Amino acid sequence: DVVHCFAVKACPLYSVLRIFQEEGLGAECASLTEVKMSLAAGFAPHKVVFDSPAKTRADLDYALAAGVYINADNQDELTLIDEFMQRTAEYAGAGVGLRVNPEVGMDSSSIIKSSFTGGRGGKFGVSAMCTSADDIFPFEWLR
């Protein structure tokens, strides 16, 4: 299933979130606060996508327990999620996606590093330049 989402950070107001929820959209959240706000506004957990490159252990634990979708942004997040999956039976089958950086685009040496989000060396996503599918999808539950 495809879930079309509103980026909560664009207008994090409860009344606005309620309108989008009532219209059937999902909520794309860049922080745990936005996840909690979206759930409080009535979004079903399967309509909430937690998509942030800076999720903490506590953030991931909360999101997995709440049943929201998580887009993992790096190998460290995948490893943490795997730890939770191994320890907590109710997390098995959680909705986890993988943000992949195709490493195409501008050379990162010619732009401001703090704002560089894509291309080789970008701060978002797992590199697509791996030697095998096992490097990209190392966990059985991610396949």
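The values are calculated or read from the model by the stated rules, or taken from the named source; none is laboratory data. For clarity, every value in this text was computed on a predicted model and none was experimentally measured. We place every Cβ from the backbone using ideal geometry, glycine too, and count neighbours over all the protein chains shown. Please note that ligands, DNA and RNA were not included when accessible areas were found on the heavy atoms of the full protein model with its side chains. Shrake-Rupley method; radii C 1.70, N 1.55, O 1.52, S 1.80 Å.
What to note about this one:
- Residues within region 12-31 that are in contact with an Asp or Glu (Cβ under 9 Å, 6 or more places away or on another chain) and either open to solvent by 30 Å² or more (accessible area, probe 1.4 Å) or among the aromatic types (Phe, Trp, Tyr) (or both), tallied: 4
- Residue in region 43-55 that is within 19 Å of PHE139 (Cβ to Cβ), of a type in the set (Phe, Trp, Tyr) and in contact with a strand residue (DSSP E or B) (Cβ under 7 Å, 6 or more places away or on another chain) present: yes
- Residue list for region 58-84, restricted to those being open to solvent by less than 20 Å² (accessible area, probe 1.4 Å) and part of a helix (DSSP H, G or I): LEU60, ALA63, LEU64, GLU77, LEU78, ILE81, PHE84
- Residues of region 1-57 that are assigned to a helix (DSSP H, G or I), of a type in the set (Asp, Glu) and within 26 Å of THR79 (Cα to Cα): GLU34 alone.
- Residue that is in contact with a Leu (Cβ under 6 Å, 6 or more places away or on another chain) and of a type outside the set (Val, Ile, Thr), where the choices are ALA66, ALA72: ALA72
- For first residues located in region 62-88 and under 14 Å from SER52 (Cβ atoms), partners that are of a type in the set (S, T, N, Q) and open to solvent by 60 Å² or more (accessible area, probe 1.4 Å) and lie 6+ apart or on another chain with Cβ distances below 9 Å form the pairs LEU80/THR56.
- A search for C-beta distances below 7 Å between a residue of region 46-60 that is more than 16 Å from ASN101 (Cβ to Cβ) and of a type in the set (A, V, I, L, M) and any residue that is in a loop (DSSP other than H, G, I, E, B) and open to solvent by 30 Å² or more (accessible area, probe 1.4 Å), counting only pairs 6+ apart in sequence or on different chains, returns VAL49/VAL3.
- Residue match in region 107-129 (condition: touching a Phe, Trp or Tyr at 6+ places or on another chain (Cβ under 7 Å) and either at pLDDT 70 or above or within 22 Å of VAL2 (Cβ to Cβ) (or both)): no
- Pairing each residue of region 16-34 that is closer than 14 Å to CYS5 by Cβ with any residue that is open to solvent by 50 Å² or more (accessible area, probe 1.4 Å) and assigned to a strand (DSSP E or B), provided the two are 6+ apart or on different chains, yields C-beta distances under 9 Å for PHE20/CYS5; LEU25/CYS5; GLY26/CYS5; GLY26/TYR69; ALA27/CYS5; GLU28/CYS5; CYS29/CYS5.
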